[in-house]
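The values are calculated or read from the model by the stated rules, or taken from the named source; none is laboratory data. For clarity, every value in this text was computed on a predicted model and none was experimentally measured. Note that we place each Cβ from the backbone using ideal geometry, even for glycine, and neighbour counts take in every protein chain shown.
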Amino acid sequence: MLQKQFISEFTPNQSISTTFLVKLKELRNKKTGGQYAFIVLADRTGEIVGQWWDNFEDSIDTFDKDDIVFARAAVNVYRNQMQLSLHRVRKCADNEYDLTHYFPTTKFDVNEMFAELLAIIGGFQNQFLKQLLHNIFADETTVAKFKKAPAAKTMHHPYLGGLLEHTLSLVKLAHKVGSHYPGIDLDLLQTGAVLHDFGKIDELSYERGFGYTNEGQMIGHLTMETIMVHDHIKQVPGFPDELRRHLLHLLLTHHGKLEYGSPKLPVTPEALLLSYLDDLDSKVEAMQRLIAEPHATGDWTRMNPMFERSIYRVRTNETPAPEPLPDLPKLVEAKAEKEPRKSAASGGGFNNPFQQLAELMKE
């Protein structure tokens, strides 16, 4: 694997030899006649413009937009912006780069997240659901995709490992919220959380930028994962038909509304919970990421299409803390020692507990 130098670390007059993701490639006309190659290169830390002035003709057609390339160049400054004067560019072989160098990536360790997910599944009481998930995760290719896939192209968890991060978060949310309500089948609800976006491992493309596969464009992840789960259910001997119906209903209804892409509306408590919790986890992550955007200034974020509004960036924990105040029990004890409480019968007591609190706070 080739050594990676990140764009954020470049300095003027530096010579660099490293790899990039190609964001744009086009031929432009020189003012003096002839053409040059104008190339926008990127990695996970930013983008930089490169110009290839001469001797590019034999190489320019060997790579395209969204390819990973190796480049030799000099870093210079033009109009206060660093750019590259390219000397050589070639397409990289698959074993020469790490995709996480070029795309945003989850801040959590994917292997640790996956191990935590398996541990939760291992605690299920329903042996049919446990066996179903075991069979699905027994395929190494499937697991590799699940660990790498983003949860979405742009809206929420749009980074490598985002699908696993979102799934684990939703599984834990499902247990916490589902436990609050009597009669909820927690194993069923959590299985729905594990599988609700599983079709995205094949709906989305994430090898050369984030986009949609032909399957994703024409079928979509709800249908893809429902077919996949239905096929796996057939491989579990004795899988109850009612359990099958409930689980497939969770997958088909988790978008919550017909206009959001679900072909059916939730008609079970587990399906209702899953649709709301999925929406909650997606939107909280998107809002927190928007607030934390680098280089953002001011009290408000940029306008966001998901929320159709700007988001207030100022957090309460950024406000300087006041001097410590005595807690209420100690305040009450101090007042009681100073002036013993009189009974209501004696005419000096408090019939309303809030009246007592108000009097104490006057001290």
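In table form, for the structure just shown:
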{"quantity": "Which listed residue is in the same structural domain as Thr213 (by TED's automatic domain parsing) and in contact with a Phe, Trp or Tyr (Cβ under 7 Å, 6 or more places away or on another chain), from Lys172, Lys153", "calculated": "Lys153"}
{"quantity": "Yes/no for Gln217 being part of a helix (DSSP H, G or I), assigned by TED's automatic domain parsing to the domain that holds Asp281 and buried (at least 19 other Cβ atoms within 10 Å of the Cβ)", "calculated": "no"}
{"quantity": "Scope region 220-254; condition in contact (Cβ under 8 Å) with a residue 24 or more places away in the chain and either outside the structural domain of Phe146 (by TED's automatic domain parsing) or not aliphatic (A, V, I, L, M) (or both); matching residues", "calculated": "Gly220, His221, Thr223, Glu225, Thr226, His232, Gln235, Gly238, Phe239, Pro240, His246, His254"}
{"quantity": "Residue match in region 69-78 (condition: among the hydroxyl-bearing types (Ser, Thr, Tyr), under 13 Å from Tyr102 (Cβ atoms) and at pLDDT below 90)", "calculated": "no"}
{"quantity": "Region 145-180: number of residues that are within 11 Å of the chain's Cα centre (by Cα) and over 17 Å from Leu280 (Cα atoms)", "calculated": "6"}
{"quantity": "Pairs with Cβ under 9 Å, 6+ apart, first in region 183-200 and free of Cβ contacts under 8 Å to residues at least 24 places away in the same chain, second surrounded by fewer than 24 Cβ atoms within 10 Å (Cβ to Cβ) and not acidic (Asp, Glu)", "calculated": "Leu186/Phe124; Leu186/Gln125; Leu186/His175; Leu186/Gly178; Leu186/Ser179"}
{"quantity": "Residue that is modelled with the lowest pLDDT, among those in region 234-280 that are small (Gly, Ala, Ser) and buried (at least 18 other Cβ atoms within 10 Å of the Cβ)", "calculated": "Gly256"}
{"quantity": "Selection count, region 181-198, where residues are of a type in the set (Val, Ile, Thr) and crowded, with 22+ Cβ neighbours inside 10 Å", "calculated": "2"}
{"quantity": "All positions within region 80-101 that are hydroxyl-bearing (Ser, Thr, Tyr) and either more than 33 Å from the chain's Cα centre (by Cα) or buried (at least 18 other Cβ atoms within 10 Å of the Cβ) (or both)", "calculated": "Ser85, Tyr97"}
